[in-house]
Amino acid sequence: MSTIILGIESSCDDTSAAVIKDGVLLSNVVASQAVHEAYGGVVPELASRAHQQNVVPVVHEALKRAGVTKEQLNAVAFTRGPGLMGSLLVGVSFAKGLACSLGIPMIDVNHLHGHVLAHFIKAPNEEFDPPEFPFLCLLVSGGNSQIILVKAYNDMQVIGQTIDDAAGEAIDKCSKVMGLGYPGGPIIDKLARQGNPSAYTFSKPHIPDYNYSFSGLKTSFLYSLREWLHEDPDFIEHHKEDLAASLEATVVDILMTKLRKAAKDLNVKEVAVAGGVSANNGLRNAFREYAKKYGWKVYIPKFSYTTDNAAMIAITGYFKYLDKQFCTIDQPAYSRVII
Ligand code: KG4
C-alpha cells in the first residue's frame, strides 16, 4: 500500500503545500507574498492575513496537481516552528483541522530539519543523489545560520550557529541601506556577478568554535558607506556592483571558513548547503571550489528547494511517518526552537 503525505508550510511569507507519495514528490505549490516589498521586510500581520487567504487554494492546487484526493492521504505534515507565530498558526491550525476531519495522523515538522532534508526530495525526472550520513549541512537563511552535523534523518546536532544576525538578514539589511529593495539577497547576488569582490574590505568576526556573527559586518558596512557617501553622494550608484561583490565575498568567506574548520575537525567530507541563502551564486561557487580543494563531496539544492517550500516539509513528514512519530492536537506552534 502507498504512503501519501500532504505537507504544509507557512512559517514566514510563503504559503506552500506539497504531496509526496512513497518518498516521491508529486506536487509542490508555493504562493509568495508580494505585499511585503513596499515595506522593505516581512510585516507579520500582513503575512498572517495572506496565509489565511492562500492556504485553502494552495492545498487544493497541490492535491489537484498530484492527482490525489484528500481521502487518499495517510497523514498531514506541517511546519510547527520556528517562524512568525501568526503565520505558523494559520498552517498549524489548518493542518490539524484537516487531519482531524479525515481521521489521519498529524505530523509536526521542525522547519530547519525540513531545509536539511530537502536534499532527500526525490522528484520524477530529476537527478537524485542525496548525501550519505553523517554529513555536515550549512543552513543559511533569513533567520538562521547554523552548521549541523546530520547523523540520520531524525538525528541532527547543531554544532555552530550565529550569536546575533543570520547571514541572510545581514545581506538584506545591507541591501536596504543601499536602497536596493527587498529581499536583498537575490539583488546583491545579481549585482555581485558584475563587481569586484576585492574592491572593499569589511570587518570579519573573531569568535570561537563553529559559531557565527554577522552584526559586526553589518555595522562595518554601514559606517564605511556613510563615509564614502560623505565624499561622493552618488557613491552607491557609481559602485553598487563592487559593493555587492565585496559584501557577498565577505559573507561567503565567513561562512566557509567555519564550515571548513568543522569538516576538518570532524573528518567529514560529505558537505551540504541549505536554506534561502544557498541560492547565492557566490556561495555555490565556493562550495564547488572547496570540493576540489579539500576533496569534499558537496550537495547544493535545486533553486526551488532553497527558499521556503512544502516539499521539504512533506519529505520530513514522510520519514517521521515511517518512524510513526506523530503529534497530538494539543501541541502548539513555536516561534523559536533549538535543534
Ligand atoms: O530560507 P528562506 O527562504 O527564509 C527563511 O529565512 O526561513 O531565506 C530567505 C533569505 C533572505 O534573507 C534572502 O535575501 C536570502 O534568503 N536569499 C539570498 C538569495 N536568495 C534568497 N541571499 C543571497 N543570494 C541569493 N541569491
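Quick note: the coordinates plus some simple rules give every number you see, no bench work behind them. Please read these numbers as outputs of a predicted model, since none were measured by experiment. As a convention, Cβ positions derive from the backbone with ideal geometry for all residues, glycine included, and neighbour counts pool all protein chains shown.
Brief remarks on what is shown
- Helix-derived mean residue ellipticity, 222 nm - over the chain, DSSP H n ≥ 4, -39500 (n - 2.57), to 500: -14000 deg cm²/dmol
- Degrees between helix 44-66 axis and first principal axis of the chain (Cα, 0 to 90, nearest 10): 50 degrees
- Charge tally around residue 3: other residues with Cβ under 9 Å, Lys/Arg +1 each, Asp/Glu -1 each, net 0.
- Our estimate of slack between residue 24 and residue 219, defined as 0.36 nm per intervening residue step minus the Cα-Cα distance, is 65.7 nm.
- Mean Cβ neighbour count within 10 Å, used as a protection proxy, ranking 62-68, 2-8 highest first: 2-8, 62-68
- Zero-based 10 Å bins, Cα pair distances in region 135-301, whole percents: 11, 41, 33, 13, 3, 0
- Relative contact order, whole percent, for the chain stands at 24, derived from Cα pairs under 8 Å and 6 or more residues apart.
- Based on alpha-carbon atoms, the Kirkwood radius and the radius of gyration of region 1-81 give Rg/Rh equal to 1.04.
- Stretchable slack from residue 39 to residue 232, in nm (0.36 nm times residue separation minus alpha-carbon distance): 66.8 nm
- Calculated P(r) of the chain - Cα pairs past 27 Å, %: 45 percent
- Using alpha-carbon coordinates, inclination of helix 215-231 to the longest axis of the chain, degrees: 40 degrees
- Taking 142, 160, 103 in turn, the Gaussian network model of the chain (Cα-Cα springs below 10 Å) assigns the largest fluctuation to 103.
- The residues 104, 171, when put in order of fewest to most other Cβ atoms within 10 Å, stand as 104, 171.
- Under the Debye formula (equal points on every Cα, no solvent term), log10 I(q)/I(0) of region 1-139 at q = 0.15, 0.16 Å⁻¹: -0.76, -0.85
- Pairwise FRET efficiency - residue 331 versus residue 72, Cβ, R0 = 30 Å, nearest 0.05: 0.75
- Per-peptide average of other Cβ atoms within 10 Å, ordering 81-88, 10-17, 44-51 highest first: 10-17, 81-88, 44-51
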